[in-house]
Amino acid sequence: MTVVFRIAGVAVIVSALGLLLKKENPVFSYFLGIAALCLTLTLTSHEIRGIVDAAWKLMEQSKLRVDELSAVLKAVGIALLTGISVGLCEEAGFKATGAVLEFCGSAAILYSALPLITRVMEKIGGLL
């Protein structure tokens, strides 16, 4: 819970500094936002690792195969990374680049989920 307060504090401070710097030096303001993003990811790395560990434990207890769980984790990671990258592109004024990046992220998610989709189709085929 304290991580949330730290992240909120970083967000408020960076937002205030970003507003002050945006008029004088918009490039520096943009890089300040990227630095805040890196700091936020660093602050949440312990929680992210806990989520991944819990997912692996669930996989061991269930009948999921490693490739199926990794497909789900990859899809979540790609979605998060794509969302952050699209936001940075749009903040920099490159909305078209963000839209293309969003499309590529969706395609990458679909590709990473192919093992899972294949297994589901096999199960459905076995039921018929």
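Taken together, the values in this text are just the output of simple stated rules run on the coordinates, not laboratory data. Keep in mind that what you see is a predicted model, and the values were worked out from it rather than measured. No Cβ is skipped: glycine too gets one built from the backbone with ideal geometry, and neighbour counts run over all protein chains shown.
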Which listed residue (ALA71, MET121, GLY93) has the Cα farthest towards the positive end of the charge dipole for the range 59-126, taking +1 on Lys and Arg C-beta and -1 on Asp and Glu C-beta about the Cα centre?
-> MET121
Dipole size in debye (nearest 20) for the chain around its Cα centre, Lys and Arg Cβ +1, Asp and Glu Cβ -1?
-> 120 debye
So what's the back-of-envelope 222 nm ellipticity for the chain, counting only DSSP H runs of four-plus at -39500 (n - 2.57) apiece and dividing by all residues, rounded to 500?
-> -31000 deg cm²/dmol
Would you tally the net charge around THR40, using a Cβ to Cβ cut-off of less than 14 Å, leaving THR40 out, and scoring K and R as +1, D and E as -1?
-> 0
Rank these for me by crowding, LYS22, LYS123, going from fewest to most other beta carbons within 10 Å.
-> LYS123, LYS22
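Grab the other residues whose beta carbon is less than 15 angstrom from that of ILE117, score K and R as +1, D and E as -1, and report the net.
Result for the neighbourhood of ILE117: +1.
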Is the range 1-43 rounded, prolate or oblate when judged by the Cα gyration tensor, a ≥ b ≥ c being the square roots of its eigenvalues, rounded requiring a/c under 1.5 and prolate requiring a/b larger than b/c?
-> oblate
Cα shape, the chain, gyration tensor, a/c 1.5 rule = oblate
